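Below is one structure, written out as structure tokens, with a few remarks after it.
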Amino acid sequence: MKRPSRLTGLTAVVVVPLLLAACGDDDTAGTAAESSSPATASADSSFPVTVESDGQPVEIPETPEQIVSLSPTATEMLFAIGAGDQVVAADEYSYYPPEAPTTDLSGYQPNAEAIIGYDPDLVVAENDPGELVSSLDQVGIPTLINTSAATIEDSYAQIERLGVATGHVGEAAELVAQMKADIDELTADIPADAEPITYFHELDPNLYTVTGETFVGEVYAMAGMVSIADDAPEASGPYPQLSPEYVVKADPDVIFYADSADSGVTAESIAQRPGWDQLTAVQEGRVIEIDKDIASRWGPRVVDFLRALTDARADLVSASS
């Protein structure tokens, strides 16, 4: 039986489009570490359950049947734990998996009235711009905030938390266990004392990159790689902009670029940059395209990202031996 619509309660609420101050996954990564304790619910996830959301307890009274996801990473997690059928709407960038119900809802500028129009009984978002949670709370809609993960452990905690919140505790635990097993398998042959392979990870043509202090950098470290930005004197913050001269001087072993889809960057165009044709990575064909979504989201496909890195490492080691 369909639940009564919450739209009838909207007349008492002033709802305006909400502006999100953050500018994406990369800009917010590491701003809020996730708790290692995903919920206070019992193991069988009998409802109601209470889960932690951005440091605050949120009660979910019954198994959600109409979830709105405003986070591409959360959408991937929800489908991976078997809660996909409960998702009735996802934001404009939630186009994976293909069956995700992508809409024009914005996770960056969430409009509470548009969200409420889907009559959700749970909303999952990456952050709260200041009024989203309070606006939804006034009409009785619980909101679960899953901020950008700072570590792989944060990612595991978020998956488990979503499992409790949606009634898929077992599936979430299985997914986390499988991710851990896959990561262990991919990294098993990398010696702990192996000399690190240096890399440059290009976020955009302006040469913004990542350091080892980021979630992305942690995945690279798993593959035995270290960012050239870690030693850059001009680097500022975990996502610094490097100068072309510094990249040439650092001469990374491998170049990964994640800006092909947005900026049309190719391995050929990278090689044509002044002085870059002398880079070892260019000369030896180690300029590798990386899917920006896989490289920037902290969901189940982090395993695919790590696999691409370990494959590149294996090829380099093989060529050097």
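The values are calculated or read from the model by the stated rules, or taken from the named source; none is laboratory data. Because the structure is a prediction, the values reported are computed rather than measured. Here the Cβ positions follow ideal geometry from the backbone for every residue, glycine too, while neighbour counts run over all protein chains shown.
Quick check on the range 241-258. Is at least one of its residues in contact with a helix residue (DSSP H, G or I) (Cβ under 6 Å, 6 or more places away or on another chain), in contact (Cβ under 8 Å) with a residue 12 or more places away in the chain and within 21 Å of Ser94 (Cα to Cα)?
yes
For the range 58-76, what are the residues that are part of a helix (DSSP H, G or I) and in contact with a Pro (Cβ under 7 Å, 6 or more places away or on another chain)?
Passing the criteria: only Glu76.
Quick one: in the range 190-206, which of the residues that are of a type in the set (Asp, Glu) and at pLDDT below 90 is farthest from Ile255 (Cα to Cα)? Explain how you work it out, then say what you get.
Taking the range 190-206 first, the residues of a type in the set (Asp, Glu) are 193, 195, 202, 204.
Now restrict to residues that are at pLDDT below 90: 193, 195.
Working: Asp193: 23, Glu195: 17 Å.
This residue is Asp193.
Return the pairs, sorted by first residue and then second, in which the second residue is β-branched (Val, Ile, Thr) and part of a helix (DSSP H, G or I), the first residue lies in the range 145-164 and is surrounded by 24 or more Cβ atoms within 10 Å (Cβ to Cβ), the beta carbons are less than 6 Å apart, and the residues are 6+ apart or on different chains.
Sorted first by the residue in the range 145-164, then by its partner, the pairs are Ser148/Thr28; Ile159/Val176; Gly163/Val169.
Within the range 48-57, work out how many residues are modelled with pLDDT of 95 or more and either under 24 Å from Ile294 (Cβ atoms) or not in a strand (DSSP E or B) (or both).
Result for the range 48-57: 1.
Among the residues that make up the range 61-68, is at least one of them free of Cβ contacts under 8 Å to residues at least 60 places away in the same chain and of a type in the set (Ser, Thr, Tyr)?
no
Within the range 279-307, track down each residue that is of a type outside the set (Asp, Glu), closer than 20 Å to Asp262 by Cα and in a helix (DSSP H, G or I).
Lys292, Ile294, Ala295, Ser296, Phe305
Among Glu213, Glu218, which is in contact (Cβ under 8 Å) with a residue 60 or more places away in the chain, over 22 Å from Arg273 (Cβ atoms), part of a helix (DSSP H, G or I) and out of contact with any strand residue (DSSP E or B) (no Cβ under 6 Å at 6 or more places or on another chain)?
Values: Glu213 fails: part of a helix (DSSP H, G or I).
Going through Glu213, Glu218 in turn, the sole match is Glu218.
For residues in the range 195-210 being among the aromatic types (Phe, Trp, Tyr) and in contact (Cβ under 8 Å) with a residue 40 or more places away in the chain, which is farthest from Thr266 (Cα to Cα)?
Tyr199
List every residue pair whose Cβ atoms lie under 9 Å apart, where the two residues are 6 or more positions apart in sequence or sit on different chains, the first residue falls within the range 259-278 and is free of Cβ contacts under 8 Å to residues at least 12 places away in the same chain, and the second residue, located anywhere, is exposed (fewer than 15 other Cβ atoms within 10 Å of the Cβ).
Once the first residue is free of Cβ contacts under 8 Å to residues at least 12 places away in the same chain and sits in the range 259-278, its partners that are exposed (fewer than 15 other Cβ atoms within 10 Å of the Cβ) give Asp277/Gln283.
Test each condition in (1) in contact with an Asp or Glu (Cβ under 9 Å, 6 or more places away or on another chain); (2) modelled with pLDDT under 95 for Met225 and report the one that comes out false.
Status for Met225: all satisfied but (2).
Tell me whether the range 242-252 contains one or more residues that are within 23 Å of the chain's Cα centre (by Cα) and among the polar types (S, T, N, Q). Can you show your working first?
Kept after step one, since they are within 23 Å of the chain's Cα centre (by Cα), are these residues of the range 242-252: none.
No: the range 242-252 contains no residue that is within 23 Å of the chain's Cα centre (by Cα) and among the polar types (S, T, N, Q).
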